[in-house]
1. Just one of (1) at pLDDT below 80; (2) surrounded by 14 or more Cβ atoms within 10 Å (Cβ to Cβ); (3) touching a Phe, Trp or Tyr at 6+ places or on another chain (Cβ under 9 Å) trips up residue 102, so point out which.
2. Only one residue in 194, 189, 237 is surrounded by 22 or more Cβ atoms within 10 Å (Cβ to Cβ), at pLDDT 85 or above and part of a helix (DSSP H, G or I). Which one?
3. Among the residues in the range 14-35, are any more than 21 Å from the chain's Cα centre (by Cα) and buried (at least 16 other Cβ atoms within 10 Å of the Cβ)?
4. Please find, among 300, 310, the residue that is surrounded by fewer than 16 Cβ atoms within 10 Å (Cβ to Cβ) and either more than 23 Å from residue 236 (Cβ to Cβ) or within 19 Å of the chain's Cα centre (by Cα) (or both).
5. If I ask for residues that are assigned to a helix (DSSP H, G or I) and at pLDDT 70 or above, which ones from the range 199-227 would you list?
6. Taking the condition touching a residue at least 12 places away in the same chain (Cβ under 8 Å) and not small (Gly, Ala, Ser), does residue 179 pass?
7. Given the criteria more than 19 Å from residue 267 (Cα to Cα), in contact (Cβ under 8 Å) with a residue 40 or more places away in the chain and out of contact with any strand residue (DSSP E or B) (no Cβ under 9 Å at 6 or more places or on another chain), does residue 31 qualify?
8. Tell me the residue from 30, 50, 110 that is modelled with pLDDT of 90 or more and in a helix (DSSP H, G or I), please.
Amino acid sequence: MMMIDIILIFLGLLILILGVLIGVAFLILLERKVLGYIQIRKGPNKVGMLGILQPFSDAIKLFTKELIYPSFSNYMSYYFSPVVSFTLSLIIWMMIPYYFNLISFNLGILFFLCCTSLGVYTIMIAGWSSNSNYALLGGLRSVAQTISYEVSLALILMSSILMIMDFNMLMFSYYQNLIWFFFLMFPLSMCWFSSSLAETNRTPFDFAEGESELVSGFNIEYSSGSFALIFLSEYSSILFMSLLFILLYMGGYSLDFFFYLKLSLISFLFIWVRGTLPRYRYDKLMYLAWKIYLPLSLNFLMFYMGLKIFLI
C-alpha cells in the first residue's frame, strides 16, 4: 500500500469522526427542541440563531470545568472507562459500507457484535470504580439489561443474515433493491427497534438512570469532560443504531437525500419515544427480553431457515 493511500485512509477516518461528532451535537439539539415542543415549551433558543450553537457551548462548558473524582474511587479505571466507551462508539462506525477510501468489511456484522459486547465492560467498570452504591447499582442494572437484549439482537440479526447469506453490510443494499426487509420482516424490525432502545439505555428502558431510586445511575460521580464523553458515546450509539436499522431493513446504504431523510426519521423516533412513553418496571423489562423477544426471534429464525431451504 502506498503512503498516499494510508494518508487518505487516516484523513477519511478524521472526517468520519468529525462528521459523527457534529451529527451527535445536532441530534442533542433536535432532542431538546422536540422534547420542548412535546412539553409545550421552547427548548434551547438563546445561544446563536434558534439555539443552534447550544450543544457546542455546552461541550465547551463541560470540557473547561474541573474534573472532580471521589477520594475512594479506583482512579485509573474511573478516569479511563469513559474514554474507552467513547472510543468504542467511534470505532464501530468503521463497519458502515462506505463506497470510497475506507475499509469494506466482509465480516461487518461480527465486528458490530464484538464492539457492542465490549461496550458493556466500560459501563460496568465505570459503575464499580466510582465506589458509590448508586453508581454500582446503576452499572449492574445496565449490564444485565444490555446483555439480555444483546441475545435477542444477535438472533434477530441472524434472520437477516440467513436471507442474504453474508456478513458484509454492502450486500443488504443489493438484496433490498426491489423490496425492503422492513416489509418482509415487519415484526422482527419492530423487535429490533425496541431492542436497540434497550441497548442504548433509552426511555422507556433507561434503568441505569432511574432518578427515583438511583439518582443518575452509573455516571453519578462523573463531571466535566468524563461526563461529556459518556454523553457523547450514548448519542453516537443512538445515531449508529438508527443507521443500522436503515441498513438492515430500509433499503441499505445509499448516498442520497432519501437515505439521510430516513436516518433523521429513525433518530426522531428515538426522541419521540422518550417524550411519550413512561419508564418500564425493571422486572417487566427482563420479562420482555427473555419471555417474549427471545422465543419470538427464535421462532422467526426457524421460519426464515425453512423459507431459505424452500426457496433454494
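The values are calculated or read from the model by the stated rules, or taken from the named source; none is laboratory data. It should be emphasised that the depicted structure is a prediction, and the values quoted were computed from it without experimental measurement. In this analysis, Cβ positions are derived from the backbone assuming ideal geometry, glycine residues included, and neighbour counts consider all displayed protein chains.
1. The one condition residue 102 does not meet is (3).
2. 237
3. At the first step, the residues of the range 14-35 found to be more than 21 Å from the chain's Cα centre (by Cα) are none.
Checked against the condition, which is being more than 21 Å from the chain's Cα centre (by Cα) and buried (at least 16 other Cβ atoms within 10 Å of the Cβ), the range 14-35 yields no hits at all.
4. Working: 300 fails: surrounded by fewer than 16 Cβ atoms within 10 Å (Cβ to Cβ).
From the options 300, 310, the qualifying one is 310.
5. Taking the range 199-227 and keeping what is assigned to a helix (DSSP H, G or I), we get 199, 207-209, 211-214, 217-219, 224-227.
Once the filter is applied, which keeps residues that are assigned to a helix (DSSP H, G or I) and at pLDDT 70 or above, the range 199-227 yields 199, 217, 218, 219, 224, 225, 226, 227.
6. Working: touching a residue at least 12 places away in the same chain (Cβ under 8 Å): no; not small (Gly, Ala, Ser): yes.
No, not satisfied.
7. Working: more than 19 Å from residue 267 (Cα to Cα): no; in contact (Cβ under 8 Å) with a residue 40 or more places away in the chain: yes; out of contact with any strand residue (DSSP E or B) (no Cβ under 9 Å at 6 or more places or on another chain): yes.
Judged against the criteria, residue 31 is not a match.
8. On the way: 50 fails: modelled with pLDDT of 90 or more; 110 fails: modelled with pLDDT of 90 or more.
Every option except 30 fails the conditions.
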